[in-house]
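Everything on this sheet refers to the single structure shown next.
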Ligand SMILES: Cc1cc2nc3c(=O)[nH]c(=O)nc-3n(C[C@H](O)[C@H](O)[C@H](O)COP(=O)(O)O)c2cc1C
């Protein structure tokens, strides 16, 4: 992942362009801003994926908070929400855990379509029926400001390693 430009906009929000390289080799240049979308109080953001992590369902609120239309998300890999501030090791741990048939839970900073972000506490559960893996289900809860501050620091330290 390479930051290719940093600049200030005329608005109060900082903007940078970042090249993201995903695990499947896909590269995309994303515009990232420091504008946060607050997590809707008392609500849940839900998505379902197939076994490879391609979205098969999003609840309307996840589409709304991420700035996409539901139809734009379905069929796309979950990495559409990948924020460059997230260390790759977090997602390695996520996939190792769920591929082992276990539940993963952790704070994730997600990228919005417009380059802004939202934080959430993500729980990913393997979705199995009669012993067969059908995909994964994720449920996102709100994090406290204190938890967000803690994980901003923790993830910044992980990125340096
Ligand atoms: C059910 C499920 C939910 C996920 N939710 C998110 C999410 O909200 N944000 C995110 O960045 N990655 C999420 N991931 C992880 C992505 O699949 C992916 O590993 C991550 O975005 C990094 O992708 P990359 O290494 O290809 O760039 C989720 C994965 C699964 C299986």
field: Residue in the stretch 74-90 that is farthest from the ligand (Cβ to nearest atom), counting only those that are within 23 Å of residue 39 (Cβ to Cβ) and part of a loop (DSSP other than H, G, I, E, B)
entry: 74
- prompt: Restricted to the stretch 79-97, and to residues that are under 8 Å from the mean Cα position of the chain (by Cα) and without any contact (Cβ under 8 Å) to a residue 60 or more places away in the chain, which residue is nearest to residue 16 (Cα to Cα)?
  reply: 83
- request: Hey, could you check the stretch 52-68 for residues that are surrounded by 14 or more Cβ atoms within 10 Å (Cβ to Cβ) and either modelled with pLDDT under 95 or more than 14 Å from the ligand (Cβ to nearest atom) (or both) and say which is nearest to residue 137 (Cα to Cα)?
  value: 53
task: Sort through 121, 93, 114 and tell me the only one that's more than 8 Å from the ligand (Cβ to nearest atom), modelled with pLDDT of 95 or more and in contact with a helix residue (DSSP H, G or I) (Cβ under 8 Å, 6 or more places away or on another chain).
output: 121
message: Let me confirm something: among 107, 126, which residue is assigned to a strand (DSSP E or B), touching a residue at least 12 places away in the same chain (Cβ under 8 Å) and closer than 21 Å to residue 33 by Cα?
response: 107
message: Please count how many residues of the stretch 18-29 are more than 9 Å from the ligand (Cβ to nearest atom) and buried (at least 16 other Cβ atoms within 10 Å of the Cβ).
response: 1
task: Report yes if residue 71 is at pLDDT 95 or above, more than 10 Å from the ligand (Cβ to nearest atom) and either surrounded by 17 or more Cβ atoms within 10 Å (Cβ to Cβ) or assigned to a loop (DSSP other than H, G, I, E, B) (or both), otherwise no.
output: no
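The values are calculated or read from the model by the stated rules, or taken from the named source; none is laboratory data. Keep in mind that this is a model prediction, so the values were computed, not measured. So basically every Cβ, Gly included, is an ideal-geometry build from the backbone, and we count neighbours across all protein chains shown.
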